[in-house]
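The structure under discussion appears below in the form of structure tokens.
The values are calculated or read from the model by the stated rules, or taken from the named source; none is laboratory data. All values reported here derive from a predicted model rather than from experimental measurement. Cβ placement follows ideal geometry from the backbone for every residue including glycine, while neighbour counts extend to all protein chains displayed. We work out accessible area using only protein heavy atoms, side chains counted, and drop any ligands, DNA or RNA first. Shrake-Rupley method; radii C 1.70, N 1.55, O 1.52, S 1.80 Å.
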Amino acid sequence: MTLVGTSARRADGEDKVRGAARYGMDYLEHGTLVAKVLRSTVPAARITELDCSTAASMPGVRAVATAADAPGLSGLVIVKDQSLFATDVIRYVGEPLAAVAADTAEQAEAALAAIDVSLEPLEPVLDLEQSLAEGSRLIHPDWESYETAMPGTRGGNLAWESRVERGDVDAAFDRAHLVVEDEFRTQRQHQSPIEPHVAVARYEQGRYVVHTPTQFPFNVRGRIAELLGIRISDVRVIVPPIGGGFGGKLDVMVEPFACILTRKTGRPVRILNSRSEELATCGPRENAIVRLRTAVAADGTLLAQDGEVIADNGANSSGETVLVANVAPLVLGGTYRIPNARYASKVVYTNTPPTAAFRGVNGPYCVYAQEQHLDRIARELGMDRRTLRMKNLIRAGESMVNGQQLDDAFLTQAMDKVDEIRPWQDAHTERKPFRGVAVVPLTWITNPLPAGASIKLEEDGTATVTCAGAEIGTGAVTTGVLQIVAEQLGLRLEDVRVSPTDTDTGGYDGGAQGSRTTYGMGNAALDAATKVRDQVLEVAATMLEAGSDDLEIVDGTVRVAGVPDQQVAVASVVATAMFDSGPIGASGKFATPPIPFDSGCMAGAAVTSFAAPLYQAHMAEVEVDPETGRVTVLRYVVAQDVGRAINPQMIEGQIQGGVLQGIGYALFENLRLGDNGEVIDDDLESYRLPTAADAPPIDAAILENPCSYGPLGAKGAAEPPIIPVAAVIGCAVSDAIGKTMNELPLTPFSVLQAITEDQDRAVRSDQRHL
Amino acid sequence: MSHSFTLNGQPVDVAVAGMTSLLSVLRDQFGLLGAKLGCGEGRCGACTVLVDGEPVDSCIYPVANAEGAAVRTVEGLESHGEPLTRIQDALLEHGGVQCGACIPGVVMTLTALLETESSIDDSTIRSSLSGNICRCTGYQKIIDAAQAAANANGGPQ
Ligand code: FES
Ligand code: FES
């Protein structure tokens, strides 16, 4: 074992630093037309007329597409309620009405302006609670007719509900020493990768060939097919290098427009979102309300919890919000022992842009709510906040709320590691006025979706991996998987390559999401590499007249262990095999083994368990400026279990990047909606992203607690670092100012308001004493 | 209208409207795709190139302003016989590259810093990067790389 566990340089790195990497946004074909989309400017209306005749005959205009061209209904797996274009009814500002392909961008824009739209306004439903209220206008009056992938509670403006119930919650509340109740509200957060959504499509031999920088090529392929009403295999998705995604490039977005227009024109069509289209129409992390009520014993033991999560779906289920609804109960009940629990996770329609997956999905706000709530419980009990957590933490062999036993739970170890780096006692005693500290443990999931990969050996003894795993930037495909393969095949890292991501050549892959690439694709590639290795050894054994068990492969040479001069180059083995048994190559595959859980306790759950669970703890020390309300993160500590660290430097990079995205979410990122449910922050001036000045010093410890079914023990690593950040910073701010903070983000304004409210109250009570 | 400047050391001449962005001239006229159109609003720095040694957001920089100037892009960096320049190499060595969409811009900003600043520390690096958004890395490894390249430099190049 020499390669796995080293911080090898990324194989695609040189191209990237030279500016030679050709991203989705750089991909061009000859004779390409430009596509633009006409989008609604109102949140709710009936379309009485959509006249494209003038637009269609304008100079340079090659085709116009409307709802008639995309008859299908789609959605991310669970509820099929999304049409590509608004059909009869408009449901949000930004909803596509028509699309145009023209020779130039200016001509396409001019054509959009010439499309005649007549509307009858409808009453918009914008607010989550208003949407669920009795008598609210239905956003999807035909909700019952939509196809769903599984049974679940739905109805009216409730798009989906997942429920988990364990034990006797009401009885536990009756005998509680203390009952605490809180409500939290959190905002939308936008992924905002540097590269916007972009696609080039071409219609060729009766199929659609789409170049698009997507995280999940097979999802985009299936969704295009669904929306256009064609066969899945009539679409081929090719993925160029991706300029960032963070969940924002999981769903189909601009691709179907390019497909329809290339079919109509017979020319390649390119569509590129502007930054304002990105912010205004590409699904962000949803805004949500979390209500928690908890029963506690006098010694701080958690007895029961009753929780309700209300998440904004926006106008349809094109994003992951419905699919992951049940992750909310799992994360609320996955870190602490809560013997009696009742959770309802509701996803609600509003006349706002659809929401979608952002790294960590609903984790960041559920954890934020849970941890603020626990700190309040600790304050009311007069108990140390870390002690309360340690007391209730799930230990190895204990179960999560779904009845899933966590045999490898590593939460206390993660908490202890953080404590070793920055002892809680010291941080606590060194506190000054307006400084705060907090520590948060967390159990999280590795996305369990399956993967396929194949490997062939070339005549020169090098290896090529073919797969449809998307290299989103983490290095998981171009380096992590290659490290695993090179190690297994006994080749040098530079002698193993991966061919471009293509749904025609690569086996199914569940996408670059939920930290699953190293885990899922790593397993599939390891399976293929093991078979290839066996083939090499079998041929070499004959060549070397030795038993294959006595052979080892080192740096591209097969040798008899302990007999250095009895050896043969892998290239010679390949040549011999070629005419003997045929070219060397094999396919590998992986599906997550079944994870036992208690299915009786859940309803409407698409995600039922935490596959390859991983454990971590985060700690933060903050300072609040009492004059301005500004929060400064002074110090940040992470201890994270990754199962097995394939490339420690890359994992560190994921931790640092995830934490800073979490700091943005905690302190300032807020994709606000206006009075029409439209995105207000549609440029990067008003939607501020974290800069180098916002990055605090981070101490990161990588823990190895192997997963029995992970490749070489590895589990997910990239997604979770964002999840506990808002919680730990929020709790540290609360500690600094002595107040529960019920809303994110913690802007200077909201923090200052919290401080002054306290001062006002103090002044008032002083006056009473006088 | 015609505009003349040097591009990566070569004299060039382009006939486009003066308000055309330098970025679209580089990408559309010269096929130099290293600088990226991240936002087109002067906010992300993915389009950063050097004009007379100064980093500029080429997406909002009118080509007319480059008249007579020396324009340098990531494609034109001189690595003095090495495969990569110091900062390019350091970015890879320190793991400062993830998706890489910000990286051509970051490389140009840090190249300018290394060429002009004699004493480089954490705060000069951070402030030089204030116009370059990296959504992936959390910046720490980019900062480590810049510091390492500066140390290897032993002062201005
Ligand atoms: S593309 Fe120029 S600053 Fe973003
Ligand atoms: S590496 Fe992705 S934006 Fe910087």
Exercise. Could you tell me what % of all Cα pairs in segment B:2-76 have separations over 16 Å?
Key: 38 percent
Quiz item: Quick one: accessible area per residue over segment A:223-288, 1.4 Å probe, rounded to a whole number of Å²?
Solution: 25 Å²
Quiz item: When the solvent-accessible surface of protein heavy atoms is calculated with a 1.4 angstrom probe, in what order do B:SER128, A:SER162, A:SER7 fall, highest first?
Solution: A:SER7, B:SER128, A:SER162
Quiz item: Which whole-number percent is the relative contact order of chain A (Cα, under 8 Å, 6+ apart)?
Solution: 16 percent
Exercise. Would you pull out the residues with amide H under 5 Å of A:ALA159's amide H, same chain only if 5 or more places away, H placed 1.01 Å from N?
Key: A:VAL347, A:VAL348, A:TYR349
Quiz prompt | Peptide A:684-695, shielding by other chains (average Cβ, 10 Å cutoff) | solution = 6
Quiz item: So in chain A, what percent of DSSP beta bridges are antiparallel if you round to the nearest 5?
Solution: 80 percent
Quiz item: Does chain B come out rounded, prolate or oblate by the C-alpha gyration tensor, with a ≥ b ≥ c the root eigenvalues, rounded set by a/c under 1.5 and, if not, prolate when a/b is larger than b/c and oblate if not?
Solution: prolate
Practice problem: Would you mind putting B:34-41, A:617-624 in packing order, based on average other-beta-carbon counts within 10 Å, highest first? | Solution: A:617-624, B:34-41
Quiz item: Which cross-chain or sequence-distant (5 or more) residues have an amide H under 5 Å from the amide H of A:ASP408, H modelled 1.01 Å from N in plane?
Solution: A:GLY397
Self-check item: Chains B and A, summed buried accessible surface - 1.4 Å probe, Å², nearest 100
Solution: 3700 Å²
Quiz item: Which residues of segment A:222-258 show a drop of at least 30 Å² in accessible area when all protein chains are present, compared with their chain alone (probe radius 1.4 Å, heavy atoms only, ligands and nucleic acids excluded)?
Solution: A:PHE246
Exercise. Please sort A:358-367, A:238-247, A:297-306, A:580-589 by packing, taking for each peptide the average over its residues of neighbouring beta carbons within 10 angstrom, highest first.
Key: A:358-367, A:238-247, A:297-306, A:580-589
Practice problem: Kindly identify segment A:1-85 as rounded, prolate or oblate by the Cα gyration tensor criterion: order the square roots of the eigenvalues as a ≥ b ≥ c, call it rounded if a/c is under 1.5, otherwise compare a/b with b/c, prolate if a/b is larger, else oblate. | Solution: oblate
Quiz prompt | Translational D in µm²/s for segment A:21-158 (Stokes-Einstein at 25 °C, 0.890 mPa s, Kirkwood Rh from C-alpha pairs) | solution = 143 µm²/s
Practice problem: Mind jotting down the distance between the C-alpha centroids of segment A:129-185 and segment A:60-89, whole Å? | Solution: 29 Å
Self-check item: Positions from segment A:183-197 whose accessible area shrinks by 40 Å² or more when the full protein complex is built, not the chain alone, probe 1.4 Å
Solution: A:ILE194
Practice problem: Check the straight Cα-Cα distances from A:LYS264 and name the lysines below 19 Å, setting aside those fewer than 8 residues away within the same chain. | Solution: A:LYS36
Quiz prompt | In Å², nearest 10: area of B:GLU82 left accessible to a 1.4 Å probe | solution = 120 Å²
Exercise. Run through all the Cα pairs of the protein assembly as shown and give the fraction in each 20 Å bin from 0, expressed as whole percent.
Key: 14, 45, 34, 7, 0, 0
Quiz prompt | Per principal axis, descending, Cα span of segment B:86-154 in whole Å | solution = 30, 23, 17
Self-check item: Charge dipole (debye, nearest 20) of the protein assembly as shown; +1 at Cβ of Lys and Arg, -1 at Cβ of Asp and Glu
Solution: 820 debye
Quiz prompt | Order by protection proxy (mean Cβ within 10 Å, highest first), peptides A:270-276, A:662-668, A:390-396, A:317-323 | solution = A:317-323, A:662-668, A:270-276, A:390-396
Exercise. Would you mind checking the pairs A:LYS391/A:LYS417; A:LYS16/B:LYS141; A:LYS391/A:LYS432 and listing those with alpha carbons more than 19 angstrom apart?
Key: A:LYS391/A:LYS432
Quiz item: Could you work out the helix-only [θ] at 222 nm for chain A, with each DSSP H run of four or more residues adding -39,500 (n - 2.57) and the total divided by the number of residues, to the nearest 500 deg cm²/dmol?
Solution: -8000 deg cm²/dmol
Self-check item: Cross-link pairs beyond the 31 Å C-alpha cut-off, checked among A:LYS531/B:LYS36; A:LYS456/A:LYS715; A:LYS80/A:LYS456
Solution: A:LYS531/B:LYS36; A:LYS80/A:LYS456
Quiz item: Along the charge dipole of segment B:86-154, which of B:GLN88, B:CYS136, B:VAL107 sits closest to the positive end, that is, farthest toward it, with unit charges on the beta carbon of Lys, Arg, Asp and Glu (+1, +1, -1, -1)?
Solution: B:CYS136
Exercise. Give me the percent of the accessible area of the protein assembly as shown that comes from carbon and sulfur atoms, probe 1.4 Å, all protein chains in place.
Key: 49 percent
Exercise. Provide a whole-number value for the mean count of partner chain Cβ atoms within 10 Å of the Cβ atoms in peptide A:6-18.
Key: 6
Exercise. Return one whole number: the accessible area per residue of segment B:86-154 in Å², for a 1.4 Å probe.
Key: 29 Å²
Quiz item: Per residue of B:83-96, how many C-beta atoms from partner chains lie within 10 Å of its own C-beta, taken as a mean?
Solution: 4
